[in-house]
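Quick notes on the structure that follows.
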Amino acid sequence: MADFGTFCLLLALVASSWAIIASYNGWRVQSGELVLSGERAVYAAWALVLLGVLALEYCIHTDRFDLEYVASYSNRALPRMYKVAALWAGQSGSILFWLFILLSYSAIVVLLNRRKNRPLMPIVVTTLSVVSTFFLVLVNFMTRPFVRLSFTPVDGNGMNPQLQNPFMAIHPPCLYTGYVGLTIPFAFAVAALVTGQLGDTWFRTTRRFTILSWFVLGTGILLGGWWAYVELGWGGYWAWDPVENASLIPWLTATAFLHSVMIEERKKMLRVWNLSLVIMTFLLSILGTFITRSGVISSVHSFTKSEIGPVFAGFLGFCVVVAVGLLLYRLPDLKSEARLDSFVSRESTFLFNNLLLVGAAFAILWGTLFPILSEAVRGVKITVGAPFFNQVTVPIAFGLITLAGICPVIAWRRASARKLLEKIQIPFWALVGSAAALLIAGVRDPYAIVAFSLSVFVISTTVMEFYWGTRARQKVAGQAPAAAFLSLVDRNKRRYGGFTVHLGFMLIVVGVTGSMVFKQEATASLKRGQGFALGRYTMRFDAIVRQDDPNREFMGGRLAIFEGTRQVGTLTPGQNFYKAGQNPSTEVDIRSTLRDDLYLILTGFDPQEGVYTFKAYLNPLVNWIWIGGAVLIAGAWFAMLPDLRDRKRDVEARLREIEAHAA
């Protein structure tokens, strides 16, 4: 099976290389047969890589410990779910998985565009196949998943204990699917630049791919935060780790693109900027993969140093040269058809939003790469910690929140001051009222007051937009309120899905602010029967708990949790000891409410003395992060659905293609 998998990956490299040759030459000489051959080669490469993935999974599930990858990341007692996840637990498997997702996207793009966008498709296929071929070179020659050992161990090392969490079975596939999906708008942008088809076809065709990638990458980031929260035992969910940053940076630039492309669609502006954002986002996703895979930056998420780092850097440089060169070549043809009429307009708020998002992305990128640069220049690796990132990003976040509140109520082209003040009146007084209420309640932290008040402001403007839109629909169509609301959102899913995303983002801001500003912690070394207090809770250590299964042993302490004199539950934090010989891992236990989380970990124990040391965190409002994430995901999903205007536009575009073909 290992030989079969190796053979499939070699054949896939041949097929992907042929897809480049056939597609590019088919476009150059206008040969439909060559173009079709290149598209079929994409299907072949996808099928062959799928067989390679299945071959590796088969080897993992059948305990083929004569393979280095299986022996390193699996063992006999590993649960089935984690045997599946072992595919992306190591470097060679994760790159193979990355490649499979890319070829799946490529095959879907070819399938969906087999009768449309024909002028663009040869270069789209060429671009996608160049990226696929690069990763096929890696899995065939540099980070091979089917390498055999000189001996066969009795058992494998097993998966890293910190990865044996259900969310880690979902988090990496989400990140990879988001990362890789950003290749699709990049491929269409390159095709538009190469062919000179610089209209709106390329971004209309890829809009849903872009939203899907943004949505899945954002979901992966949230799941990663949840995994860090429940698995790492430090009471937090985001540490500005380099690999965390590497996923956030392209998400920020993709967010900027999704906002600014609306201006190009409506006003024929920012054409160069939008192409630049798409190129930038793809390059940042490749850079993020390089950071994760090369080991050049220390991170709890990254792999050790390997020989693929320089190769990744070379590929990234190649992409920069080609993409920037094409953009500069077409620059004279990319002049905007309109200009910004006024700084007091919706266009200007979108522009400022873009500048802040890109500014945040590059500030985070600078802090992430600074250790590499400092080591290269001065020979000393200087670590950039959370204080730098918080100091830079918090003011930018406040600016973005303010714009999110103003943008829905400001008019296109040139806003009337009277109309703007009229629409912003209720949200403004909601902001003032919330700030006053916080001060009366005893809140004195300026960051908390600003963050909570601005969140109320944005939520108010967003709710008012839904209300005003429904009222207008009632007057125009004479519908009942519920029917008018449903008709309103159905006619413009992107707009109201976007507003729902804003609501989710504000709930996340509330959760992040509460859990950062008002967080409390306490540590206590206890014998059975003793207790300690934190906030409104009192905890009493009642019993030692031990559990055993084929994969691990668990040892922890059971604590009774009291509010006042009333017992409200029990928590059992502890540690897992994995039998494959890995280090122990922390097993936290959490009591969650909408108000706060009581977060308990066992940090140490002395069985002879009967003393167990517990650490407790009280994290106010932290669950609003996950609630806000769910709202954000729901809004993004809704925005991807076709609305009435999209359906009409698709029919008109199809009719134009039929007429052009007939002519």
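The table below lists the values:
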{"read-out": "All positions within region 71-105 that are modelled with pLDDT under 95 and of a type in the set (Val, Ile, Thr)", "value": "Val84, Ile95"}
{"read-out": "Residue within region 137-154 that is of a type in the set (Phe, Trp, Tyr), more than 21 Å from Leu641 (Cα to Cα) and in a helix (DSSP H, G or I) present", "value": "yes"}
{"read-out": "Residues located in region 384-410, provided they are of a type in the set (Phe, Trp, Tyr) and either within 30 Å of Ile426 (Cβ to Cβ) or buried (at least 18 other Cβ atoms within 10 Å of the Cβ) (or both)", "value": "Phe389, Phe398"}
{"read-out": "Residue in region 469-489 that is in a helix (DSSP H, G or I), crowded, with 19+ Cβ neighbours inside 10 Å and of a type in the set (Lys, Arg) present", "value": "yes"}
{"read-out": "Region 198-227 residues that are outside any helix (DSSP H, G or I), paired with ones that are modelled with pLDDT under 90 and of a type outside the set (Lys, Arg) (beta carbon under 6 Å, 6 or more apart)", "value": "Leu198/Asp333"}
{"read-out": "Subset of region 518-543 that is touching a Gly at 6+ places or on another chain (Cβ under 6 Å) and either within 30 Å of Tyr82 (Cα to Cα) or among the charged types (D, E, K, R) (or both) - its residue that is surrounded by the fewest Cβ atoms within 10 Å (Cβ to Cβ)", "value": "Lys527"}
{"read-out": "Residue in region 43-60 that is under 28 Å from the mean Cα position of the chain (by Cα), of a type in the set (Ser, Thr, Tyr), more than 13 Å from Pro145 (Cα to Cα) and surrounded by fewer than 21 Cβ atoms within 10 Å (Cβ to Cβ) present", "value": "yes"}
{"read-out": "Neighbours by Cβ (under 8 Å, 6+ apart or cross-chain): first from region 1-29, in the same structural domain as Ile123 (by TED's automatic domain parsing); second among the basic types (Lys, Arg)", "value": "Met1/Arg64; Ala2/Arg64; Ala2/Arg148; Thr6/Arg144"}
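Listed here are the residues, each with its yes/no results for (1) farther than 25 Å from Phe215 by Cα; (2) modelled with pLDDT under 95; (3) not small (Gly, Ala, Ser).
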site	(1), (2), (3)
Ala441	yes, yes, no
Val463	no, yes, yes
Lys475	yes, yes, yes
Ala482	yes, yes, no
Val501	no, yes, yes
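The values are calculated or read from the model by the stated rules, or taken from the named source; none is laboratory data. Please read all numbers here as calculations on a predicted model, not as lab measurements. For neighbour counting, all protein chains shown are included, and Cβ atoms are generated from backbone atoms with ideal geometry for every residue, glycine included.
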